[in-house]
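Please read the structure below before turning to the comments.
Here, each number is a calculation from the coordinates, and none is a lab measurement. Remember, it's a predicted structure, so these values are computed and weren't measured experimentally. Cβ sites come from the backbone with ideal geometry, for glycine too, and all protein chains shown count toward neighbours.
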Amino acid sequence: GAVVSQHPSWVICKSGTSVKIECRSLDFQATTMFWYRQFPKQSLMLMATSNEGSKATYEQGVEKDKFLINHASLTLSTLTVTSAHPEDSSFYICSARDTGTPVYGYTFGSGTRLTVV
Amino acid sequence: AQSVTQLGSHVSVSEGALVLLRCNYSSSVPPYLFWYVQYPNQGLQLLLKYTSAATLVKGINGFEAEFKKSETSFHLTKPSAHMSDAAEYFCAVSESGGYNKLIFGAGTRLAVHP
């Protein structure tokens, strides 16, 4: 089945630095990828929709300059948290839509636990 | 706009008992509905999905869900709970048009007691 690889699985960084999270579709092409943020014991909040070769679409309230999304190929999307602060600490999850699946095949990565100290 | 409501943030059952996790949706168009399971510090795994075919959908690990348009519900059930079923469960609806992003419910934490 479709597999999405997300790296790193966890990262600790100092306040003010930037962190890049990668999301790769391993055995399918993903023209659309989604980035979610999840706070402890809460649901997933969609941050942005990433489309290959074009600018990402951000949800209301998400700072596009802080959360940079790049989807340069059909198998890779990256999320860069710039100038990270402790309040950016969270669990980030990507999802890719397998356009080869007949109907709405969404596959999720294993998530990245970001801790900013 | 579409939305999902999961009734009960916590559900506790005994091993071997029926599991029932409730999900109601709001949609002005025929929805696509999903149930996902999440184990601690992991991503989401698809249990099953409804995509306007059969109203009774069978998924993995013995789970199934029934789409009831009249009740705008998509409740998840399993006849006999297993200890390994303890996890967080999310119901989601696919937004029509655009990029078809998923809208998630708040989640239900299932605890299974011996």
note = Here the cysteines of chain A without any disulfide-compatible Cβ partner under 4.7 Å are A:CYS13
Net length gained if the chain between B:THR5 and B:GLN45 were fully extended (0.36 nm per residue, minus Cα distance) = 12.5 nm
message = What does the net charge come to around B:SER9 if you take all other residues with beta carbon closer than 12 Å to its beta carbon, with K and R at +1 and D and E at -1?
response = +2
Per-q log10 I(q)/I(0), region B:1-111, q = 0.11, 0.16 Å⁻¹ (Debye; single scatterer per alpha-carbon; no solvent) = -0.31, -0.66
query = aspartates and glutamates near A:LYS41 by alpha-carbon distance under 20 Å, same-chain residues fewer than 8 away left out - which ones?
reply = A:GLU87, A:ASP88, B:ASP85, B:GLU88
remark   = The value for the protein assembly as shown (convex hull of the alpha-carbon atoms, volume per residue, Å³) is 120 Å³
ask   = In whole Å, what three semi-axes, largest first, describe the equivalent ellipsoid of region B:1-44 built from its Cα gyration tensor (square root of 5 times each eigenvalue)?
value = 24, 15, 10
ask   = Hey, any idea what Rg/Rh is for region A:1-68, computing Rh the Kirkwood way over Cα pairs?
value = 0.97
remark   = Stokes-Einstein, Kirkwood over Cα pairs, chain A, 20 °C, 1.002 mPa s; D in µm²/s equals 152 µm²/s
key: Whole-number percent relative contact order across region B:48-91, with pairs defined as alpha carbons under 8 Å at least 6 apart   = 24 percent
key: Environment charge of B:ARG109, counting only residues whose C-beta is closer than 13 Å and scoring Lys/Arg +1, Asp/Glu -1   = -1
note = If one builds a Gaussian network model of chain A from Cα atoms under 10 Å apart, the most fluctuating residue listed among A:GLY53, A:GLY61, A:GLY16 is A:GLY61
message = So if I place +1 on the C-beta of Lys and Arg and -1 on the C-beta of Asp and Glu, and nothing else carries charge, what would the dipole magnitude of chain A be about its Cα centre? I want it in debye, nearest 20.
response = 180 debye
request  = Pull up the cross-link candidates among the aspartates and glutamates for A:LYS55, meaning alpha carbon to alpha carbon under 16 Å and not fewer than 8 places away within one chain.
outcome  = A:GLU63, A:ASP65
query = In this model, which of B:LYS68/B:LYS101; A:LYS14/A:LYS64; A:LYS64/B:LYS49; A:LYS64/B:LYS69; B:LYS49/B:LYS101; B:LYS49/B:LYS69 are farther than 26 Å apart at the alpha-carbon?
reply = A:LYS64/B:LYS49; A:LYS64/B:LYS69
request  = Quote the FRET efficiency, to the nearest 0.05, computed for A:SER54 versus B:LEU20 with a Förster distance R0 of 41 Å and r equal to the Cβ-Cβ distance.
outcome  = 0.45
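I need the calculated FRET efficiency for the pair A:CYS13 and B:SER70, taking r as the beta carbon distance and R₀ as 45 Å, to the nearest 0.05.
Once rounded, the FRET efficiency stands at 0.35.
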